[in-house]
Amino acid sequence: MTQTQLYLISPLDVGGDFPARLERALAAGARRHGDLVTAFQFRVKDIDQHEAARLAAPLQAICAAHDVAFIVNDSVALAKRIKADGVHLGQDDGSPKDARAELGREAQIGVTCHASRHMAMEAGEAGADYVAFGAFYPSTTKDKGDAERPEPQLIEWWSQLFEIPCVAIGGITPDNCKPLVEAGADFLAVSHAVWGGDEVAAIEAFAKVMRG
């Protein structure tokens, strides 16, 4: 079984001292275990593409220096403009097939599948590189009313049947992540648990549970 890795999701405010915080978090992940943090999702809302590209630039450089994939949330156009490593699509953000045509063969394309086996299988058939299930726990990042809440068994089912990696998302903390790791999640997507306090301490705490 592959070891679970961290997939960091940005807070909505990525200005100010956030680049320094990202650098500290990625350095802490590398220090603990070189492969602990493997992806970073750039998630900003309600700003134009020009401003988004400006904010993304320093973060993209930090991720590249740490060999961490830089994934853009929702926007294929922005991902293409800044030559991101990939894009994460919600159910209303278009198909993986179209995103692939825009971004090329090498792009990492992920799809939000909530608690739905059917959505996940459809995403896989359409060429997604990973599927995301959640929210597993109450979350400030995921939309409220995210239909039903999945159980860790969903991850177990998926990882036994399919090669495509799965991401667990939604309210995940060092205190509640163990069942998801044990179920076989390839990635834990985390945001507030890292950026809501001391990012280095949070990475250390996740490493302890995920790597023992």
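Apply 1/(1 + (r/R0)^6) to the Cβ-Cβ distance of Asp92 and Arg211, taking R0 = 35 Å, and write down the FRET efficiency to the nearest 0.05. Efficiency for this residue pair is about 0.45. Sequence-distant contacts, meaning Cα pairs under 8 Å at least 6 residues apart, place the relative contact order of segment 1-139 at 16 percent.
Only loop residues by DSSP count here, and only those with at most 14 other Cβ atoms within 10 Å; note down the chymotrypsin sites (Phe, Trp or Tyr not before Pro) in segment 162-197 that meet that.
Answer by residue number: Phe162.
Within the chain, the longest run free of exposed loop sites, counting trypsin sites (Lys or Arg not before Pro) that sit outside DSSP helix and strand states (H, G, I, E, B) and have at most 11 other Cβ atoms within 10 Å, spans 145-212. Applying 1/(1 + (r/R0)^6) with R0 = 22 Å to the Cβ-Cβ distance of Ala20 and Lys45 gives a FRET efficiency near 0.50.
Can you grab the distance from the C-alpha centre of segment 83-104 to the C-alpha centre of segment 148-206, Å, no decimals? If you average the Cα positions of each part, the centres end up 23 Å apart. Computed about the Cα centre, the dipole magnitude for the chain is approximately 360 debye when only Lys and Arg (+1) and Asp and Glu (-1) carry charge, each at its Cβ.
The Cα atoms of segment 59-145 define a convex hull whose projected area, averaged across directions, is 6.2 nm².
Would you calculate a helix-derived [θ] at 222 nm for the chain, using -39,500 (n - 2.57) for each DSSP H run of n ≥ 4 and dividing by the full residue count, to the nearest 500? Intermediate results must be reported in sequence, preceding the final value.
Numbers: 9 runs with 88 residues, N = 212.
Mean residue ellipticity, 222 nm, calculated: -12000 deg cm²/dmol.
Between the C-alpha center of segment 124-138 and that of segment 6-32 there is a gap of 23 Å. The calculated FRET efficiency for the pair Ala126 and Gln160, based on their C-beta separation and a Förster distance of 22 Å, comes to about 0.55. Sorting Tyr137, Tyr130 by the number of Cβ atoms found within 10 Å of their own Cβ, with the fewest placed first, yields Tyr137, Tyr130. Farthest towards the positive end of the charge dipole of segment 5-211, among the residues Pro138, Gln41, Ile169, is the Cα of Gln41, using unit charges on the Cβ of Lys, Arg, Asp and Glu.
Any idea which of Gln5, Ala30, Ser75 is furthest toward the positive side of the dipole for the chain, if Lys and Arg beta-carbons carry +1 and Asp and Glu beta-carbons -1? The residue sitting farthest along the positive end of the dipole is Ala30.
An oblate overall shape is assigned to segment 1-97, the ratio a/c of its alpha-carbon gyration tensor axes (a ≥ b ≥ c) being 1.5 or greater and a/b not exceeding b/c. For Thr173, Thr2, Thr112, the sequence from fewest to most other C-beta atoms within 10 Å is Thr2, Thr173, Thr112.
FYI, it's all coordinate maths here, none of it is from the lab. Remember, it's a predicted structure, so these values are computed and weren't measured experimentally. Glycine also receives a Cβ, built like all others from the backbone with ideal geometry; neighbour counts cover every protein chain displayed.
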